[in-house]
Amino acid sequence: DAKTTQPNSMESNEEEPVHLPCNHSTISGTDYIHWYRQLPSQGPEYVIHGLTSNVNNRMASLAIAEDRKSSTLILHRATLRDAAVYYCIGGGATNKLIFGTGTLLAVQP
Amino acid sequence: EAGVAQSPRYKIIEKRQSVAFWCNPISGHATLYWYQQILGQGPKLLIQFQNNGVVDDSQLPKDRFSAERLKGVDSTLKIQPAKLEDSAVYLCASSQTGVNGYTFGSGTRLTVV
């Protein structure tokens, strides 16, 4: 599984877009990029995943660099309920997710 | 659909005592995982089951931790004897096919005193 690097923390204002970066320079060609988030006192929840193309769902968008060495999770309009730890994970070939320390996102009203 | 159920929600024990956690995954999910999350860290995988067989338990401290998955459905994780450093949240997750779409339970918060 690929090693990922994320900022320890980020801040955003409510109703503004948030771009959460992730570097995964050692990712292999078959490894997916997964994003999970963990709200306080809850287990992680799935956000989005992708391989090469940019992906959109009701929660977020995932922009993947052409060389696949980095990606960005985009929350289009942050709300207070989006305050959480966001984990970027590269992998999948072994059917298991290996979490790093993630990015703690604070959302200010 | 019902989520991943875990119990108990909280547990406080003294060191050297034993404790067990229970997990009921989403119906039909073949793969089940137990993670340990120490405060301020990301979840750490302890063991992975595929149906009722162990796929990976390389990070499980086998001198004190054990886990089983009965009939490929429910699972229990046991610690005996507990140490202070076992204080953590123990998370159970299940998935239908691979890593695309794990569903986690809310976890069991263990405090060892």
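The values are calculated or read from the model by the stated rules, or taken from the named source; none is laboratory data. Just so we're clear, the structure is a prediction, and the values are computed from it rather than from any experiment. Positions of Cβ are generated from backbone atoms using ideal geometry, with glycine treated the same way; all protein chains shown enter the neighbour counts. The protein model used for the area step is the full one, side chains on, heavy atoms only, and it has no ligands, DNA or RNA in it. Shrake-Rupley method; radii C 1.70, N 1.55, O 1.52, S 1.80 Å.
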What are the equivalent ellipsoid semi-axes of the range A:2-108, built from the alpha-carbon gyration tensor (square roots of five times its eigenvalues), in whole angstrom, biggest first? 22, 15, 12
State the percentage of accessible surface on chain B attributable to carbon and sulfur atoms; use a 1.4 Å probe and exclude ligands, DNA and RNA. 48
In Å², rounded to a whole number, the accessible area per residue of the range B:71-113 with probe 1.4 Å is 40
Checking B:P25, B:P43, B:P61 against a Gaussian network model of chain B (alpha-carbon springs below 10 Å), the top fluctuating residue turns out to be B:P61
Of the accessible area of the range A:2-109, with the probe set at 1.4 angstrom, what percent is carbon plus sulfur? 49
Per-residue average of other protein chain Cβ atoms inside 10 Å, peptide B:107-113 -> 1
The range B:69-113: trypsin sites (Lys or Arg not before Pro) falling in loop per DSSP and having at most 16 other Cβ within 10 Å: B:K83
So which GluC sites (Glu not before Pro) in the range B:1-97 end up in coil per DSSP with only 12 or fewer other C-beta atoms within 10 Å? B:E1, B:E14
Can you tell me which of B:S87, B:S58, B:S66 moves the most in a GNM of chain B? Springs connect C-alpha atoms under 10 Å apart. B:S58
For peptide A:67-73, how many partner chain Cβ atoms fall within 10 Å of a residue's Cβ, on average? 0
Rounded to whole Hz and in sequence order, give me ³J(HN,Hα) for the range A:42-58 from the Karplus expression 6.51 cos²θ - 1.76 cosθ + 1.60, θ = phi - 60°, writing x for Gly and Pro. 10, x, x, 10, 5, 10, 6, 8, x, 10, 10, 8, 5, 10, 10, 9, 5
One checks the Cα atoms of the protein assembly as shown and finds Rg and Dmax, in Å, of 17.6, 53
Do any of A:K69/B:K83; A:K69/B:K62; A:K3/B:K11; B:K44/B:K71; A:K3/B:K71 go past 31 Å between their Cα atoms, and which? A:K69/B:K83; A:K69/B:K62; A:K3/B:K11; A:K3/B:K71
Cα pair distances in the range A:47-109, grouped into 5 Å bins until the bin that holds the longest one, percent each: 4, 15, 23, 25, 21, 9, 3, 0, 0
Per residue, how big is the convex hull around the C-alpha atoms of chain B? Give it to me in cubic angstrom, could you? 94
So how exposed is A:T72, as accessible area in Å² (1.4 Å probe, rounded to 10)? 40
10 Å Cβ neighbours from other chains, averaged over peptide B:84-94: 1
For A:H49, tell me the accessible area in Å² from a 1.4 Å probe, rounded to the nearest 10. 40
Accessible area per residue, Å², chain A with all protein chains present, probe 1.4 Å: 51
